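Values quoted throughout were computed directly from the atomic coordinates according to the rules given, and no laboratory measurement underlies them. The shown structure was predicted, so the numbers you read here are calculated from the model rather than taken from an experiment. With ideal geometry, Cβ positions are generated from the backbone for all residues, glycine too; neighbour counts draw on all protein chains shown.
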Amino acid sequence: MQDKVKATTNTNLIEGATGEWEIIVGLEVHAQVASASKLFSGASTAFGGDPNSHVSLVDAAMPGMLPVINSECIAQAVRTGLGIKAAINLKSVFDRKNYFYPDLPQGYQISQYKQPIVGEGEVEIDVDGETMKVGIERLHLEQDAGKSIHDQHPEYSYVDLNRSGVALMEIVSKPDMRSAKQAQAYVSKLRTILRYLGTSDADMEKGNLRADVNVSVRKPDDPLGTRCEIKNVNSIRFIGQAIEVEARRQIDIIEDGGTIAQETRLFDSVKGETRSMRSKEEAHDYRYFPDPDLLPLELTQEYVDDLERGLPEMPDEKKDRFMRDFGLSDYDAGVLIAERGKADYFEKVAEGRDGKFAANWVINELFGRLNKEGLSIEASPVSAAQLGSIVDLIASDTISGKIAKDLFDIVWSEGGDPAGIVEKRGMKQVTDTGAIEKTVDEIMAANPDKVEQVKAKPNLMGWFVGQVMKASGGKANPKAVNEILKQKLGI
Ligand code: MN
């Protein structure tokens, strides 16, 4: 290629008419804080109540009502900050972000602007077998808005304030991602971290994890281009699609001689395109100022240290430990730690057993089946104790790997004690060489032509192995079968 651009470390460049382009992505993720009540009121945060059934006078912005901070939401934000290896700001300030919208009865959102509760941090992601760090710019606390409902009546719009005042953590990344895949890996890792910490359910389907995706493009080594923000993308798949179509749109405009206007856009997943919503507002448009109803929030280092001591083992640490203690590959360890429930399950199966072998069964058989049936690990019909016992039966040569799969199916659909099932249904592996020899003799006698073929071409012996295994109902010990066949065929 004659016009190949200068080599960079970015292998995610995409092709345009004028050469290769680099995509720059930064994300603002809004995660609903796991807390029974709202950020500044005692109203419930439960999902799916009747409209306006979880609304206090504060959430409805009745005159004279004052916000009272919910200390659990503060603790959750600090835990999250620690989980993303970020600096905790002992002093932070709540500001009013002023704008008008029918589902925002206060006329402003209480948020944090210049002094957020959490500063810079980082999140490690694995993409295509490589580990990279995504910088975190900040994490701040803010109120969620209510919901406008337009589709129930042609002439009216309705407002549901159940969500009004629910605590959100806005986690802002640095523009460190260079592809849709990296952005997807980042959101998925963030979700894992939030769930390990128990600081957010991070369920995108319920809308308690939403991402604003900032995308710009540039020629490698050029300064950053103008970015567009795609609002409220609500699934990991859509995040990937939105980035790809938006980058392509920007490249086409620039290559046609145009310029990118900084604006807020929407992703239409049906049409597979982004559409302009409004020109991007600047921070000064919101007339931020410190909320006079709330004092600055001051934490002690002791309080932060205390929360830090209470943190669970985080996914990255768990992964390192799994690789070290069980000899697992980076990939397998990554699959196992993606959900805390899965990691716990694996540890129960691996305890006192060969970790690698246990991991194979947990990942390939169990996760494969759960995935196929759309079940979570918590809903697994096969318990860790049952799977552990299946693994033991294989390790002790009581059953073959093939029979073990049948046994797994039985336990999956009928339950029961695996060892008892093997006993009762006669599934034990035949290691009795006398019995295997007898079967081998019979099959050789019935197939003299095959015997001659295999003697001439020993690598055709697999045919006999298959016949013997079939005749034994899969119960013959494959190692013994191979040895006896070699001996009898003179190979
Ligand atoms: Mn926000």
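What is the spread of the Cα atoms of the chain along each of their three principal axes, largest first, in whole Å?
So the three principal-axis extents are 95, 62, 53 Å.
Between Asn371 and Arg278, what's the calculated FRET efficiency when r is the beta-carbon distance and R0 is 45 Å? Round to 0.05. Walk me through the numbers on the way to the answer.
Values: r = 40 Å, r/R0 = 0.90.
FRET efficiency, Asn371 to Arg278: 0.65.
Return one number: the angle in degrees, 0 to 90 and rounded to the nearest 10, between the long axis of the Cα atoms of helix 478-489 and the longest principal axis of the Cα atoms of the chain.
30 degrees
Using alpha-carbon positions, what is the distance between the centroids of the range 41-61 and the range 134-186, in Å?
If you average the Cα positions of each part, the centres end up 18 Å apart.
What order do you get for Ile399, Ile125 when you list them from fewest to most C-beta neighbours inside 10 Å?
Working: Ile399 25, Ile125 21.
So the ranking, lowest neighbour count to highest, is Ile125, Ile399.
7 Å from Cα along Cα→Cβ at both Asp397 and Asn459: what's the point-to-point distance in nm?
2.9 nm
Any idea what diffusion coefficient the range 361-491 gets from Stokes-Einstein, in µm²/s, Kirkwood Rh on alpha carbon pairs, 37 °C, 0.692 mPa s?
Working: Rh = 16.3 Å.
Value of D from the Cα-based Kirkwood radius: 201 µm²/s.
Starting from the alpha-carbon convex hull of the range 208-266, give the projected area averaged over all orientations, in nm².
Details: hull surface 17.0 nm².
Here the figure is 4.2 nm², rounded to one decimal.
In the range 69-161, which chymotrypsin sites (Phe, Trp or Tyr not before Pro) fall in coil by DSSP and have 16 or fewer other Cβ atoms within 10 Å?
Numbers: sites: Phe94, Tyr99, Phe100, Tyr108, Tyr113, Tyr156, Tyr158; in loops: Phe94, Tyr99, Phe100, Tyr113, Tyr156.
Here the chymotrypsin sites (Phe, Trp or Tyr not before Pro) that fit, given the DSSP loop and packing criteria, are Tyr99, Phe100, Tyr156.
What ranking do Leu141, Leu294 get, fewest neighbouring Cβ atoms within 10 angstrom at the top?
On the way: Leu141 26, Leu294 17.
Listing Leu141, Leu294 from fewest to most nearby Cβ atoms yields Leu294, Leu141.
Where the Cα atoms of the range 311-425 are projected onto their three principal axes, how long is each span, largest first, in whole Å?
Principal extents (Cα only, largest first): 45, 30, 22 Å.
Calculate how steeply helix 340-350 sits against the longest principal axis of the alpha-carbon atoms of the chain, using the helix alpha-carbon long axis, and give the answer as 0 to 90 degrees to the nearest 10.
Taking the Cα atoms of the chain, the angle to 340-350 is about 20 degrees.
Would you work out the relative contact order for the range 1-144, in percent, from Cα pairs under 8 angstrom that are 6 or more residues apart? Working shown, then result.
On the way: 202 pairs, mean separation 23.0, N = 144.
So the answer I get is 16 percent.
Order by neighbour count: Ile337, Ile254, Ile410, fewest other Cβ atoms within 10 Å first, most last.
On the way: Ile337 24, Ile254 19, Ile410 15.
Listing Ile337, Ile254, Ile410 from fewest to most nearby Cβ atoms yields Ile410, Ile254, Ile337.
Using Cα pairs closer than 8 Å and at least 6 residues apart in sequence, work out the relative contact order for the chain, in percent.
Values: 857 pairs, mean separation 65.4, N = 491.
The value is 13 percent.
Pop the C-beta distance of Asp406 and Glu442 into the FRET formula with R0 = 35 Å and round what comes out to the nearest 0.05.
Details: r = 24 Å, r/R0 = 0.69.
E(calc), rounded to 0.05, equals 0.90.
In degrees from 0 to 90, rounded to the nearest 10, what is the angle of the helix 462-471 Cα long axis to the longest principal axis of the chain?
Taking the Cα atoms of the chain, the angle to 462-471 is about 90 degrees.
Would you list which aspartates and glutamates come within 15 Å of Lys402, measuring only between C-alpha atoms, while excluding same-chain residues fewer than 8 positions from it?
Glu365, Asp392
Over the range 433-489, what number does the Rg to Rh ratio reach, with both radii from the alpha-carbon atoms and Rh per Kirkwood?
Values: Rg = 10.2 Å, Rh = 11.0 Å.
With Rh from the inverse mean 1/r over Cα pairs, Rg/Rh is 0.92.
Taking the square root of 5 times each eigenvalue of the Cα gyration tensor, what semi-axes in Å does the equivalent ellipsoid of the range 172-272 have, largest first?
Taking √(5λ) for each eigenvalue gives 27, 15, 10 Å, largest first.
Between the range 344-384 and the range 93-112, how many Å separate their Cα centres?
The distance from the Cα centre of the range 344-384 to that of the range 93-112 comes to 46 Å.
Using a basic spin-label model with each label point 7 Å from the Cα along Cα→Cβ, how many nm lie between Ser329 and Lys133?
That separation, rounded to one decimal, is 2.8 nm.
Figure the gain on full extension for Glu205 and Thr11 (residue separation times 0.36 nm, minus the Cα-Cα span) and round it to one decimal in nm.
My answer for the length gained is 66.6 nm.
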